[in-house]
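Report on the following structure.
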Amino acid sequence: MALVIPIFIPHEGCPHRCLFCNQHRLGSRAAAPVGGDEVAATIELWLGRCRPERRQQVQVAFYGGSFTCLA
């Protein structure tokens with residue numbers, strides 16, 4: 001089974017607070033933008049925690065963003 005490393009990209013473009021994507025309400029705080037260094041650190045953290053046999057197949061999955069693009 002592949003190791004899937006989740007990266008959450010906060011949605012910053014929409015000024016509305018719709019029920020289905022209101023990050024402040026869902027997470028009780030506004031999410032900060034994610035930079036390349038943070039993505040790399042998250043990947044390294046997950047790789048360090050997994051068993052060597054799970055490192056054979058690794059996927060990085062980006063979640064969040066907006067309906068039109070990721071940032």
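The values are calculated or read from the model by the stated rules, or taken from the named source; none is laboratory data. Small disclaimer: the values here were computed from a predicted structure and weren't measured. Every residue, glycine among them, receives a Cβ derived from its backbone with ideal geometry; neighbour counts consider all protein chains shown.
Look at the stretch 35-60: where a residue is touching a residue at least 60 places away in the same chain (Cβ under 8 Å), no partner that is surrounded by 14 or more Cβ atoms within 10 Å (Cβ to Cβ) and of a type in the set (Lys, Arg) sits 6+ places away or on another chain with Cβ atoms under 8 Å.
Could you tell me whether the stretch 11-32 includes any residue that is surrounded by 14 or more Cβ atoms within 10 Å (Cβ to Cβ) and at pLDDT 70 or above? Looking through the stretch 11-32, none of the residues is surrounded by 14 or more Cβ atoms within 10 Å (Cβ to Cβ) and at pLDDT 70 or above.
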